[in-house]
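Peer 1: This is the structure, below, for whatever I ask next.
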Amino acid sequence: MDLQEKIEVLAAAAKYDASCASSGSDRQSSGEGSLGRTFGAGVCHSWTGDGRCVSLLKLLFSNSCRYDCAYCANRRSADIPRASFSVEELVRLTTEFYARNYVEGLFLSSGVFADPDIVMGRLTEVARRLRTEAGFGGYIHLKAIPGAGEKALAEAGRWADRLSVNIELPSRASLERLAPDKSGTEILGAMAFIAGAGAENAEDRSRLGSAPPFAPAGQSTQLVVGASGEDDRAILNLSSALYRSYRMRRVYYSAFVPAGLDGRGPPRDPRLPDLAAPPLLREHRLYQADCLLRFYRFGLEEIVDSETPNLAADVDPKTAWALSHLDRFPVDAATADYESLLRVPGLGVRSARRILEVRRSRAPSFEVLKRLGVQLGRARFFLESGGAFIDRPEDPARLRRLLSDDPGRQLPLFA
Amino acid sequence: MNAYARGRSSRSYSGGLDGLACLVASCRADGSVPASVVRLDSGLGAGAGSTAPRDTAVQGDLFFGAPGSEAAEAAAAAYGASAIDPLVARGIRLELARAGAWGDFALAWLHEPAVDAVLVAWALECLELGFAARGSPAADASLRAAGRVAKEIERLIGLLRFRPDGEGRYVARFRSDHAVVAALAPRFSARFGSRPWAVVDEGRGLVLSRDPPAPARLGLLIEGAFPGGAAAGEGPDGWTDLWRTYHRSVAIESRANPRAQLSRMPRRYWQFLCEMYDVDPGPGGSP
């Protein structure tokens, strides 16, 4: 198989991993022949036909796999062409693509084609050679292979900017049913090691700035949405725990792509649901809810609870919360505190901050609010300014109709 | 909102961004805001009212540390070297930086068409308040202009496509809406490390290049220079072919969303993108 064919197979095999971030690290190569730098903020270098940003060269080292996870395109039982890169090929591809400004770095994962320590070692070898032989200072994201020992994980973190272990499914029961070769304990163990090593390294570096970094962009994970029966509450509960317990920088949600789509089957695995299309709307709502938890100071029980364990399809989670708490509105833009402003649909973190800024010198009239980027089409029902208002939050049913999303709208991958 | 009288006068300045800073100082002393402002010599190349782009060293210093300041400082260094009164210009820059407005001020100055009159009005508001004014018409126009320029810089940082020329220098070509070429210097100097590179602004006839360890330089494009670089309609070579294969292979068919692709990567940039040069944008895909 030539390089062109390998790329075709091993890029397609990696495309269901949603992570594309190249942010959170600040590394510079130096010396003769050096190439590359990471920056705090990531860069999108292109967008594919599905509207997803291309930031990193996302590839599998190999799509041969010992495991037979029902939802995975590369499962052992799938009848697909198998391929592997050599370390040299990946080093060359990364540096050539980087120098041409196609990508910000490398995202390297792999099927588990051998003992986890060996697979982890091969991925790490690519990163090590990029850093030491090619003088590469760009971004490297390595997939941590569950089951790999602490020594192998520590070595991976030495050369990578970010490590990630995919949790894959929202419950241990689903993991046992759909990915029987995988161990939840090993997945969480790898996460715990990365979180611990990262914290220890941060401490070392605060004492001694020259201490080598350990995965300075932290860790992320991904779970498949729609392949198993958990409700949104279970998923968000898990995400909250992952953010809290493992210092996760980001939890990605990936809508399950059913058999028959994108060359995945048939035959359909009887353990999987029979979906006509990937649950993109559900994925989108989960990203929105995730944002509310991380940036808008919402508690999990405010978004989903035992009575309504799933996110609404017709309106975003913040609007759904506002509609069921109309007694909290309208909020006065002229006097409200930051937390109250954050609760207003159509008002984001940035516009809430800008309102506080602008109030230092002028009254935030609706004209001013519009200039600040507030989406008045949505916020008008929940906001007043010094007693002036555009509309009143009186009839929840009417409001819900007015604020529901256009069902025909194509949704972006990330909220 | 401020104490300045809105005048009917037209003012002019030369000396690039620092020249505009001097004009702000002059307006503050006069207590008036000009109705219009004319640039006499911006150094921004064809299409920006320029007469003489300079061969100027461009080193972004991070002294001001405001958001967007890295690109803004690079622009100031490239275009502000011949200010009428450097001390006055520096004073205004420092005051605007303290107010948190310098980065946006400098970025908005790269906007085409120029928005100098509203920039002067906004700068006076900021100087009076001591912080970056928001919500006024001048602030709105200035910040929108700065936002458009920042967005284009961000896009170009990702979308420029480099190819090595015969001397091992990586060269990219582009056409931009705004005069942003010098603002690209800090990013690509860091990215390429010890390797030489050049970016050619075809629309304005300017070239920004760096031969390490010397700083990046902005100069006039000379016919026939920098022959490399991804040019319009250029076909694939070995690596671009691999990139095109990669780009095709990572798209998920069942999530096809050409509208999102087009909104983030507008058609006008496609001519320089080797992965897109023969892709049909489809219905609604016009620029």
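Peer 1: Would you kindly enumerate the cysteines in chain A that have no other Cys beta-carbon under 4.7 Å from their beta-carbon?
Peer 2: Result for chain A is A:20, A:65, A:291, no neighbouring Cys Cβ within the cutoff.
Peer 1: Could you order B:116, A:79, B:30 so the one with the most accessible surface comes first? Probe is 1.4 Å. Provide the component values of the computation, followed by the final result.
Peer 2: Details: B:116 5, A:79 155, B:30 95 Å².
Most to least solvent-accessible, the answer reads A:79, B:30, B:116.
Peer 1: What is the Cα centroid distance between region A:1-31 and region B:145-222, reported in whole angstrom?
Peer 2: Rounded to whole Å, the Cα centres lie 24 Å apart.
Peer 1: Treating only the Cβ of Lys, Arg, Asp and Glu as charged (+1, +1, -1, -1), what charge dipole size does chain A show about its Cα centre? Round to the nearest 20 debye.
Peer 2: Numbers: 55 positive and 53 negative charges, 191 e Å.
Around 920 debye, computed over chain A.
Peer 1: Determine the shape class of region B:126-256: with a ≥ b ≥ c the square roots of the Cα gyration tensor eigenvalues, call it rounded for a/c under 1.5, and otherwise prolate if a/b is greater than b/c, oblate otherwise.
Peer 2: Values: a/c = 2.33, a/b = 1.40, b/c = 1.67.
Oblate, because a/c is 1.5 or more while a/b does not exceed b/c.
Peer 1: Give me the inter-chain shielding for A:35-45: mean count of other chain Cβ atoms within 10 Å, whole number please.
Peer 2: Values: counts 6, 5, 7, 2, 5, 0, 1, 1, 7, 7, 10.
Mean shielding count: 5.
Peer 1: Can you give the FRET efficiency for residue A:241 and residue B:30, using 1/(1 + (r/R0)^6), R0 = 35 Å, r = Cβ-Cβ distance, to the nearest 0.05? It would help to have the intermediate numbers written out before the result.
Peer 2: Working: r = 62 Å, r/R0 = 1.78.
So the FRET efficiency works out to roughly 0.05.
Peer 1: Another question, then. Kindly flag which residue pairs out of A:6/A:143; A:6/A:58; A:143/B:151; A:58/A:151; A:15/B:151 have an alpha-carbon separation exceeding 23 Å in this structure.
Peer 2: Values: A:6/A:143 19 Å; A:6/A:58 13 Å; A:143/B:151 31 Å; A:58/A:151 25 Å; A:15/B:151 27 Å.
From the list (A:6/A:143; A:6/A:58; A:143/B:151; A:58/A:151; A:15/B:151), the Cα-Cα distance tops 23 Å for A:143/B:151; A:58/A:151; A:15/B:151.
Peer 1: Restricting to DSSP H runs of at least four residues, report the calculated mean residue ellipticity at 222 nm for chain A, -39500 (n - 2.57) per run over all residues, nearest 500 deg cm²/dmol.
Peer 2: Calculated mean residue ellipticity at 222 nm is -11000 deg cm²/dmol.
Peer 1: Ok, one more. Using the per-residue mean of other Cβ atoms lying within 10 Å as a proxy for protection, in what order, highest first, do the peptides A:193-206, A:390-403, A:51-64 fall?
Peer 2: Numbers: A:193-206: 16.1, A:390-403: 14.1, A:51-64: 24.5.
Averaged packing, sorted descending, gives the order A:51-64, A:193-206, A:390-403.
Peer 1: Please report the spacing between the Cα centers of region A:107-177 and region A:346-391 in Å, no decimals.
Peer 2: Using only Cα atoms, the two centres lie 46 Å from each other.
Peer 1: Placing +1 at every Lys and Arg Cβ and -1 at every Asp and Glu Cβ, with all other atoms neutral, what dipole size does region A:28-91 have around its Cα centre, in debye to the nearest 20? Display every interim value, and only then the final one.
Peer 2: Details: 7 positive and 6 negative charges, 50 e Å.
That gives region A:28-91 a dipole magnitude of about 240 debye.
Peer 1: Within a Cβ distance under 11 Å of residue A:282, other residues only, what is the Lys/Arg minus Asp/Glu net charge?
Peer 2: On the way: positive: A:285; negative: A:231, A:232, A:283.
Here the charged neighbours net out to -2.
Peer 1: Counting pairs of alpha carbon atoms under 8 Å apart in space and at least six apart in sequence, what relative contact order in percent does region A:192-330 give? Show your work: numbers first, answer last.
Peer 2: Numbers: 152 pairs, mean separation 30.3, N = 139.
Dividing the mean separation by the residue count of region A:192-330 yields 22 percent.
Peer 1: Which Cα, out of A:169, A:217, A:184, lies furthest along the positive dipole direction of region A:156-236 (beta carbon charges, K/R +1, D/E -1)?
Peer 2: A:217
Peer 1: Per residue, what accessible area does region A:94-174 have, given a 1.4 Å probe and all protein chains present, in Å²? Don't jump to the answer; show the numbers that get you there.
Peer 2: Details: 2090 Å² over 81 residues.
Heavy-atom accessible area per residue stands at 26 Å².
Peer 1: Additional query: Determine, from the Cβ-Cβ distance of residue A:177 and residue B:94 and an R0 of 41 Å, the FRET efficiency 1/(1 + (r/R0)^6), rounded to the nearest 0.05.
Peer 2: On the way: r = 64 Å, r/R0 = 1.57.
The calculated FRET efficiency here is 0.05.
Peer 1: Let me ask another. Under 10 Å from the Cβ of residue A:51, count the other residues' Cβ atoms, weight Lys and Arg +1, Asp and Glu -1, and hand me the total. Kindly include the intermediate steps, with their values, before the conclusion.
Peer 2: Details: positive: A:52, B:255, B:259, B:264; negative: A:50.
Every neighbour counted, the sum reads +3.
Peer 1: I've got another one for you. Over chain A, with a Gaussian network built from C-alpha contacts below 10 Å, which listed residue (A:70, A:215, A:173) shows the highest mean-square fluctuation?
Peer 2: Of A:70, A:215, A:173, the most mobile in the Gaussian network model is A:173.
Peer 1: Which value, in debye to the nearest 20, describes the size of the charge dipole of the protein assembly as shown about its Cα centre when Lys and Arg Cβ atoms bear +1, Asp and Glu Cβ atoms bear -1, and nothing else is charged?
Peer 2: On the way: 87 positive and 84 negative charges, 166 e Å.
The dipole magnitude comes to about 800 debye.
Peer 1: Mind grabbing the accessible area of residue B:38 for me, 1.4 Å probe, Å², rounded to tens?
Peer 2: Residue B:38 has an accessible surface of roughly 70 Å² with all protein chains in place.
Peer 1: Also, quick follow-up: Given R₀ = 30 Å, FRET efficiency for residue A:87-residue B:214 by Cβ-Cβ distance, to 0.05? Spell out each step's value before the answer.
Peer 2: On the way: r = 35 Å, r/R0 = 1.17.
So, using R0 = 30 Å, E works out to roughly 0.30.
Peer 1: For labels at residue A:375 and residue A:394 in the simple 7 Å Cα→Cβ model, what's the distance in nm?
Peer 2: About 2.5 nm separates the two model spin labels.
Peer 1: Using the Cα centre of region A:194-309 as origin and beta-carbon charges of +1 (Lys, Arg) and -1 (Asp, Glu), tell me which of A:296, A:236, A:248 is placed farthest towards the positive end of the dipole.
Peer 2: It is A:248.
Peer 1: Then there's this: Work from the charge dipole of chain A (Cβ charges, +1 for Lys and Arg, -1 for Asp and Glu, about the Cα centre) and give the residue of A:135, A:69, A:342 farthest towards its positive end.
Peer 2: My answer, from the dipole projection, is A:342.
Peer 1: Quick one: grab the alpha carbon gyration tensor of the protein assembly as shown, order the square roots of its eigenvalues as a ≥ b ≥ c, and give me rounded if a/c is under 1.5, else prolate or oblate depending on whether a/b is larger than b/c.
Peer 2: On the way: a/c = 1.91, a/b = 1.25, b/c = 1.53.
Oblate, because a/c is 1.5 or more while a/b does not exceed b/c.
Peer 1: Which order do the peptides A:269-279, B:120-130, B:15-25, A:239-249 take when ranked by the mean count of other beta-carbon atoms within 10 Å per residue, highest first? Walk me through the intermediate numbers first.
Peer 2: On the way: A:269-279: 14.0, B:120-130: 23.1, B:15-25: 25.1, A:239-249: 17.6.
Descending packing order for the listed peptides: B:15-25, B:120-130, A:239-249, A:269-279.
Peer 1: If I model a spin label as a point 7 Å beyond the Cα along the Cα-Cβ vector, how far apart are those points for residue A:365 and residue A:66 in nm?
Peer 2: Once both label points are built, they end up 7.1 nm from each other.
Peer 1: Quick one: in region A:166-216, what % of C-alpha pairs are over 19 Å apart?
Peer 2: Values: 568 of 1275 pairs.
The answer is 45 percent, as a whole percent.
Peer 1: Hey, another quick one. Provide a whole-number value for the mean count of partner chain Cβ atoms within 10 Å of the Cβ atoms in peptide A:7-17.
Peer 2: Numbers: counts 10, 5, 1, 2, 7, 6, 2, 2, 6, 2, 1.
Per residue, the number of nearby Cβ atoms from other chains is 4 on average.
Peer 1: Full-extension gain between residue B:237 and residue B:259, please, as 0.36 nm times their residue separation minus the C-alpha to C-alpha distance.
Peer 2: Values: separation 22, 0.36 × 22 = 7.92 nm, distance 2.84 nm.
5.1 nm is the gain from fully extending residue B:237 to residue B:259.
Peer 1: How far is it, in nm, from the label point at residue B:131 to the one at residue B:38 when both lie 7 Å from their Cα along the line to the Cβ?
Peer 2: The two pseudo-label positions are separated by 3.9 nm.
Peer 1: Residue by residue through region B:241-246, which ³J(HN,Hα) values in whole Hz follow from phi under the Karplus form 6.51 cos²θ - 1.76 cosθ + 1.60 (θ = phi - 60°), with glycine and proline marked x?
Peer 2: Going residue by residue, I get 5, 5, 5, 5, 4, 4 Hz, with x marking Gly and Pro.
Peer 1: Could you sort B:204, A:350, A:158, A:371 by accessible area so the largest value comes first, with the probe set to 1.4 Å? List each step's numbers first, then the result.
Peer 2: Details: B:204 15, A:350 165, A:158 115, A:371 60 Å².
Order by accessible area, largest first: A:350, A:158, A:371, B:204.
Peer 1: Take peptide B:256-269, look around each residue's Cβ out to 10 angstrom, count Cβ atoms belonging to other protein chains, and average those counts.
Peer 2: Working: counts 5, 11, 5, 4, 11, 8, 2, 3, 7, 8, 0, 0, 0, 1.
That average works out to 5.
The values are calculated or read from the model by the stated rules, or taken from the named source; none is laboratory data. These figures come from a predicted structure and were not determined experimentally. In this analysis, Cβ positions are derived from the backbone assuming ideal geometry, glycine residues included, and neighbour counts consider all displayed protein chains. We work out accessible area using only protein heavy atoms, side chains counted, and drop any ligands, DNA or RNA first. Shrake-Rupley method; radii C 1.70, N 1.55, O 1.52, S 1.80 Å.
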